[in-house]
Amino acid sequence: MSSSEKIPQFPKTYWRETELPSFDKLKEDLSVDVAIVGAGITGITAAYLLAKEGLKVAILEAGGVLNGTTGHTTAKITAQHGLVYDEYIQHFGEEKAKLYYESHTKAIQFIKQTAIDCDLSNEDAYIYATTDEYVGKIKTEMDAYHRLGIPGEIVNSIPFDIPIKAALVMRNQAQFHPVKYLKKLLEDAVQSGCTVYENTTATDIEADEDHRAVLTNVGHKVTCRHVIVASHFPFYDGLGFYFARMYAERSYAIGIKTDKDYPGGMYISADDPTRSIRYTPINGEKLIIIGGENHKTGQGPDTIVHYDALKGFAEETFGISEYAYRWSAQDLVSLDKIPYIGPITDKKDHIFVATGYKKWGMTTGTVAGHLLADYILDRDNPYKELYSPSRFDADPNLKKLISTNADVAGHLLKGKLEFVPKDPSDLQMGEGSVVMHNGKRAGAYKDENGKLYIVDTTCTHLGCETEWNHAEKTWDCPCHGSRFSYAGDVVEGPALKPLDNLSEEQ
Ligand code: FES
């Protein structure tokens, strides 16, 4: 164990070290069959499938390709999404629970068949319990596996120094390097005629009976027959009220090296705190990726605490010889824990959305790519109803909807009334905080050279107050998960406009 291994100063994901092609921004108006907004696993998989069918496809990406959630995942490819199957049977019945499993199993098969040079390996997935309460839940989940015909078994140990009481195994799942995998898929899509535009933010959609156009921040638009909104949080809502039907969660990951041998397998704890473990090959060695520490965006203590907790777990379990990477991710959770994939509303059947993947974006993004391609190609797909964003399985939703929105109302009320006993001049170099500025709540950050950035902390989406995220140096909104840089630029939607800059008012 080496407690001297310090936290890397800035967040850095291992996956993004892969060299990627770069693309120009949109420089003229375009006309295509399908405009896809967002170059993550959903957008790229759909583009790959549709371009191969001969459709004219354009991808618009606000930043660089593969730099959103897809570049910050732990990249497990599994249908074991926590202890979900018993819950799905209770809420939706056996048939739908089975369809959920089947759709993700097909996604795994597709990835295994398509993957080239992306560190793909077959691995067993384990979910383990460290308390008696969760042993009971593991057994109930095993019963659900039996009812649904999911192959699985309960074991009493895993090959680490973690005092577990039971674990449920799903065999023959997989892991890979998501950016290498998608780079190849994107290259294939481009070869089939798909065009890609980076640094091009989609800002709105014009839609009527037989015309759709995606408007952008670069002064040009893309006219099309179909739009896929694969921008993580939908940049366009179309009166689907997605902001009221999902909440955002942050989670953290670290990449470490250890002198201990790693025997393979992917692991996740059933009980709290969540701990997720896998490895990936790196220059003949193994990088162990440990994830967990979920919390709602914009809430909770100093965010560095979460990296420290993962580091403590890594030291105890493996011993750290090198602490090489740390990164965080944002995930969206739908109210009934089934993603929303399909027409954005009943009335807008040429605008499609895919969102609310919880933390299982690799298989879900692949399911979504296929499902949306089938909608557009007018093909049957057995999973349309299950994932339909307009579904009416409201049973578990209502209570959650009320409590989620009560939370939001609390943050709205907080507004400008909060008194903050701190002044921008109190800040140390590298420190950010909510402060009092000209008698009002504001946000300030002093960089390493002493330059002060002051922003209005009111989120430009619907007006909640953002909070300072120390580890990532961002302003995060607790209501629907928008995030802004310390200078106020949008890092993550649904907000489209930057925070107001108050630096001039000093
Ligand atoms: Fe909706 Fe901030 S993200 S109010």
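The values are calculated or read from the model by the stated rules, or taken from the named source; none is laboratory data. In this text, all values refer to a predicted model and were calculated from it rather than measured experimentally. Don't worry about glycine lacking a Cβ; one is built from the backbone with ideal geometry, like all the others, and counts go over all protein chains shown. Accessible surface is based on the protein model in full, side chains and every heavy atom, while ligands, DNA and RNA are left aside. Shrake-Rupley method; radii C 1.70, N 1.55, O 1.52, S 1.80 Å.
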_Residue in the stretch 258-276 that is in contact (Cβ under 8 Å) with a residue 40 or more places away in the chain and within 16 Å of the ligand (Cβ to nearest atom) present_ = no
*Take the residues in the stretch 483-494 that are of a type outside the set (Phe, Trp, Tyr) and under 17 Å from residue 442 (Cβ atoms), then tell me which one is surrounded by the fewest Cβ atoms within 10 Å (Cβ to Cβ).*
489
*For the stretch 217-232, how many residues meet the condition of being over 11 Å from residue 34 (Cα atoms) and buried (at least 24 other Cβ atoms within 10 Å of the Cβ)?*
3
*Checklist (1) assigned to a loop (DSSP other than H, G, I, E, B); (2) at pLDDT below 85 applied to residue 408, failing item*: (1)
_Of residues in the stretch 232-248 being in a loop (DSSP other than H, G, I, E, B), of a type in the set (Phe, Trp, Tyr) and farther than 13 Å from residue 297 by Cβ, the one farthest from the ligand (Cβ to nearest atom)_ = 236
*asked:* Please go through the stretch 448-482 and give me each residue that is of a type in the set (D, E, K, R) and open to solvent by 10 Å² or more (accessible area, probe 1.4 Å), ordered by number.
replied: 448, 451, 456, 467, 472, 473
*Applying the selection to the stretch 447-495, what residues are within 12 Å of the ligand (Cβ to nearest atom), outside any strand (DSSP E or B), closer than 21 Å to residue 72 by Cα and hydrophobic (A, V, I, L, M, F, W, C)?*
477, 495
*Taking only the stretch 188-216 into account, find how many residues are over 23 Å from the mean Cα position of the chain (by Cα) and open to solvent by 40 Å² or more (accessible area, probe 1.4 Å).*
13
_If I ask for residues that are under 30 Å from residue 159 (Cα atoms) and part of a loop (DSSP other than H, G, I, E, B), which ones from the stretch 306-357 would you list?_
318, 319, 320, 321
*Single unsatisfied condition, residue 370 versus (1) modelled with pLDDT under 95; (2) open to solvent by 10 Å² or more (accessible area, probe 1.4 Å)*: (1)
*Would you kindly identify the strands (runs of 3 or more DSSP E) lying entirely within the stretch 49-156 that contain at least 2 residues that are touching a Phe, Trp or Tyr at 6+ places or on another chain (Cβ under 9 Å) and crowded, with 19+ Cβ neighbours inside 10 Å?*
57-60, 121-129
